[in-house]
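These notes concern the structure reproduced below.
Only the coordinates and a few stated rules stand behind these numbers; no lab work does. On a predicted model such as this, the values are computed, not experimentally measured, just so you know.
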Amino acid sequence: MQESPVQHPSPVRKCRTFRKKTGGKVDKKQLPFKDGCRARLPDTLPGSRSASLPSCHSRLSSIPLEVQHIQHDMIKKIHYCWFGSPVPEAVRQNVRKWKELNPDFEIIEWNESNIDVSRFEFGRRCLEQNKWGFLGDVVRLQALVEHGGFYLDCDVELFQPLSRLPVDHRFTLGYMYDCALGTAFLYAPPQHPLCISLLSLHNEIRKECWPVSNTIYTDYFINEVPKFLLNGKKWQSDLATLYPKEFFEQPAFIRSRGFSIHHCCGSWMPGKSHSFILNQAFCHQVKWLKRKINTALALRRNEFYPYYRAALKGVSLKKNYDWRIRQ
């Protein structure tokens, strides 16, 4: 039985009341919302569309999206995968840095010898056609569902220990662009319902389609996750926590404010190099400027840009799964 939505007071009015109680003097540390009024948004926004979905989404809608409110300790496991060739030295160097920052974590490499993806038709197709990057899309979710912990792409460079990230029972990820979710940095406890649903979607991909994981996750969130708005901002529900793109994927202008960076070397693409250069502090601003320009250009070309523009106005648009078997 669903609970009736909670009516949240206006953050602005609450802050004004707080200001009156303190005689007009406000200590930011004592504000009811972090960093003032703008850091927290009400759960329901004016003009948002109903969460009801068209009939083509009925199968996924039947999966219960519920998480028990139980205190979870961080699962200290880092999963990554490499298929099809020996692991290059650049990846080994990056994994060593993960270990230096997280000495008490178990780091697990998934490859052809220790994981079976044959129960997923999409996984079998990837093996048959040597689509190693797409195979990793199945493996990351399978590892999180069965074991829990963190998943990192091989070219994700960490700047801080993972123990500093506040995680709980929620699925944790970030944006790649303001209008698309990133999948290079993930965290979830075992058997998380969102990970189970995303994994099951890979059995519904049409044979002629090869959707990237960013498309699958973004399609799923805007269609299936209640009250989600694709606006590029931090968002949290009982199921998931999303961070802005500068937290996990894109470089922040001040290096220490980012948690990691995704170098996007694209080793899964034909003709792409397996190597990348770990970010150096002295050239960080140069990389930041270059990525900021490229990201801004990619934003308007992205298929989810119209949905992002609508979300900025508080409107949640639904989208057809172009790559999914018709229901």
Taking a quarter of the surface of the convex hull around the Cα atoms of the stretch 74-312, what do you get in nm²?
-> 12.6
Could you name the aspartates and glutamates whose alpha carbon sits less than 12 Å from that of LYS233, not counting residues in the same chain fewer than 8 places away?
-> ASP178, GLU246
For the stretch 210-234 and the stretch 189-207, what is the separation of their C-alpha centers, rounded to whole Å?
-> 13
